[in-house]
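Following: one structure in structure tokens, then a few remarks.
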Amino acid sequence: MHLVNLNAGVLKMKLISKYFPILVFTFLISCKKEDKREAEIAKVPVVLEVARFDREFATAGPGDIPRLKTQYPYLFPEQFSDSVWIAKLNDTIQQELFSEVDKTFGEFSPQETELTALFQHIRYYFPDYTIPRVVTLTTEVQYHNRVILTDSLLLLGLDNYLGRDHHFYRGVSRYISKGLDKRFLTSDVAGAFAKRMNRYPRNRSFLSRMVYYGKELYLKDRLIPSATDAEKIVYEPEELEWALTNEEQIWRYFIEQELLYSTDTELDRRFLDPAPFSKFRLELDSESPGRLGRYMGWQIVRAFMEKHPETPLATLLKMPADEIFKGANYKPQK
């Protein structure tokens, strides 16, 4: 089995003229339902409280530290004395971090609008969810913790979203730095919410782990419908095109290698964990994007929801992978 190389100038064509009227009618009905749902979601009341701690700290003086510690106790560990924070106020790196964040985000208005829409979608599908207080800060580029979501707080490390080519990210692997862009911020928040709602499977099969990540990505389909698929999965457009073009071959490889029910944890490193590319152990591995197992799990969950569109999201999240897989009758794109 060989994966095919991406040829951006060639698209596979099918003879669908016989079914074209049916397809158009189905598409129009689907769009009408989607428009109606989005109109309902837009009416969901959400008041988003955004605290710009990054700005408050950057413009503070030594005398402001006690006040900030009272307002943001979770950002000031007790083991550190005030002298540590005062020294940080005068640190040139901290000052540059704030300057670069301020140039990139300014008043944060576009992001606040996106986050408000995200939480409207969350409240629509999960009415009992409590909207957290949003606190923006700098983290000295701790990109692994750029979004922290708790029951009451959403902490956003804005210095992790300055653009993949920013000089702060020199030395950071390219497959990581490509996601350090503000266009991925809302997608990351949606992903953090999905992780809180989506339990990691006890079943250790590769299929279960694929579907776990597929559920997370499908939640993004519903929660940030205006985002592109590339933004949801944090791919470059050409990486997404590679996955689309090779979907049938990827699936055939998983089947022929009998990977679906394997419990080999190495499959995580090969196809699920963040990586510069996926590892089929073929010559063209370096041409592939990483995390293709997540992409395939996404397509399985999408196939299931296309066939069972009335399934509530909360129900979907609780369903075992085998049930979703059987109900999906997944057929990869050719």
Completion exercise
For residue 108, the lone unmet condition from (1) farther than 23 Å from residue 161 by Cβ; (2) hydrophobic (A, V, I, L, M, F, W, C); (3) touching a residue at least 12 places away in the same chain (Cβ under 8 Å) is (1)
Fill in the blank from the handout: Among the residues of the range 165-193, the number that are without any contact (Cβ under 8 Å) to a residue 40 or more places away in the chain and of a type in the set (Asp, Glu) is 2
Practice task
Restrict the check to the range 175-187 and report whether at least one residue is within 25 Å of residue 321 (Cβ to Cβ), buried (at least 22 other Cβ atoms within 10 Å of the Cβ), not aromatic (Phe, Trp, Tyr) and not assigned by TED's automatic domain parsing to the domain that holds residue 99.
Solution key: no
Completion exercise
In the range 46-63, anything in contact (Cβ under 8 Å) with a residue 24 or more places away in the chain and either of a type in the set (S, T, N, Q) or surrounded by fewer than 15 Cβ atoms within 10 Å (Cβ to Cβ) (or both) is listed as 47, 49, 61, 62
Completion exercise
All conditions in (1) modelled with pLDDT of 95 or more; (2) over 24 Å from residue 160 (Cα atoms); (3) not hydroxyl-bearing (Ser, Thr, Tyr) are true of residue 35 except (1)
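Per-residue answers, yes or no, for (1) within 24 Å of residue 194 (Cα to Cα); (2) crowded, with 16+ Cβ neighbours inside 10 Å; (3) modelled with pLDDT under 95:
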{"residue": "103", "(1), (2), (3)": "no, no, no"}
{"residue": "140", "(1), (2), (3)": "no, no, yes"}
{"residue": "154", "(1), (2), (3)": "yes, yes, no"}
{"residue": "161", "(1), (2), (3)": "yes, yes, no"}
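The values are calculated or read from the model by the stated rules, or taken from the named source; none is laboratory data. Note that the structure is a prediction, hence the values are computed from the model and not measured. Every residue, glycine among them, receives a Cβ derived from its backbone with ideal geometry; neighbour counts consider all protein chains shown.
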